[in-house]
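Please read the structure below before turning to the comments.
Read the figures in this text as sums done on the coordinates, not as results from a lab. Remember, predicted model here, so these are calculated numbers, not experimental data. Note that we place each Cβ from the backbone using ideal geometry, even for glycine, and neighbour counts take in every protein chain shown.
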Amino acid sequence: MSRFVEVFRWLLRQRLLWLVSLLYLWAWTVDPQKTMAALHAGGSLFASVTVLIIAVFSLVGLIQVWVGRDLIAAVLGREGGFKGLLIAVGCGAILIGPPYVIFPLLMSLRRLGARWAVVAIVLAAYALKPQMLPIEIEFLGLPFALVRGGLTLLLAIPLGLAVERFMPEEDRF
């Protein structure tokens with residue numbers, strides 16, 4: 001199969017890209033000036049995010065090459081036991097950054113031997129956002145912030161184990 005055909009088939013599978021393109025075409029017919037402003041805003045966001053994405057993917061590459069599969073499996077795989085689950089809670093709670101940064105990192109750890117429970121626990125604990133606690137306390141109160149944060153951390157491990165149970169057996173390590 002020629003490279004052109006492969007690229008063409010790939011383009012056909014990009015449903016979100018097609019949907020957004022159609023929306024922009026529609027928007028252009030309604031108000032070209034606002035459409036250009038939207039393109040400019042989207043382009044600016046893309047430019048600011050690109051540097052971050054390159055840095056994260058480079059970090060993921062370093063982890064894949066320099067951190068051995070044996071180490072990840074020993075700490076975050078089944079061999080890591082409950083300690084690995086606690087590490088996942090701690091890492092998830094202190095992680096900062098947008099999801100498009102976190103997901104590639106978790107995918108990399110998963111491919112290196114981290115179990116599904118660890119991935120799910122990190123994502124659950126990621127909802128805590130310690131840097132947002134002062135704002136949460138200010139608007140929603142200290143009791144709410146403490147209960148929500150506590151339950152988020154306490155339920156992260158049971159949630160992760162439940163997610164892992166639903167994964168196909170061949171996908172579990």
Query raised in the report: How many residues does the stretch 1-59 hold that are closer than 27 Å to Leu106 by Cα and surrounded by 11 or more Cβ atoms within 10 Å (Cβ to Cβ)?
Result: 9
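Okay, residues lined up against (1) within 20 Å of the chain's Cα centre (by Cα); (2) surrounded by 15 or more Cβ atoms within 10 Å (Cβ to Cβ):
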residue: Pro99; (1), (2): yes, no
residue: Phe103; (1), (2): yes, no
residue: Arg111; (1), (2): yes, no
residue: Trp116; (1), (2): yes, yes
residue: Ala120; (1), (2): yes, yes
residue: Tyr126; (1), (2): yes, yes
residue: Gln131; (1), (2): yes, no
residue: Gly141; (1), (2): no, no
residue: Leu146; (1), (2): no, no
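With the condition being under 25 Å from Gly80 (Cα atoms), I'd like the helices (runs of 4 or more DSSP H) fully within the stretch 92-172 carrying at least 2 qualifying residues. Give the steps one after another, and end with the answer.
Working: elements: 99-111, 116-125, 133-140, 142-166.
Helices (runs of 4 or more DSSP H) meeting the threshold: 99-111, 116-125, 142-166.
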**Report entry** Among the residues listed as Gly141, Gly160, the single one being without any contact (Cβ under 8 Å) to a residue 24 or more places away in the chain and over 30 Å from Val51 (Cα atoms)
**Finding:** Gly141
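Can Ile94 be described as within 17 Å of the chain's Cα centre (by Cα) and either among the β-branched types (Val, Ile, Thr) or on the phi < 0 side of the Ramachandran plot (or both)? It would help to see each step written out before you state the result.
On the way: within 17 Å of the chain's Cα centre (by Cα): yes; either among the β-branched types (Val, Ile, Thr) or on the phi < 0 side of the Ramachandran plot (or both): yes.
Yes: the conditions hold for Ile94.
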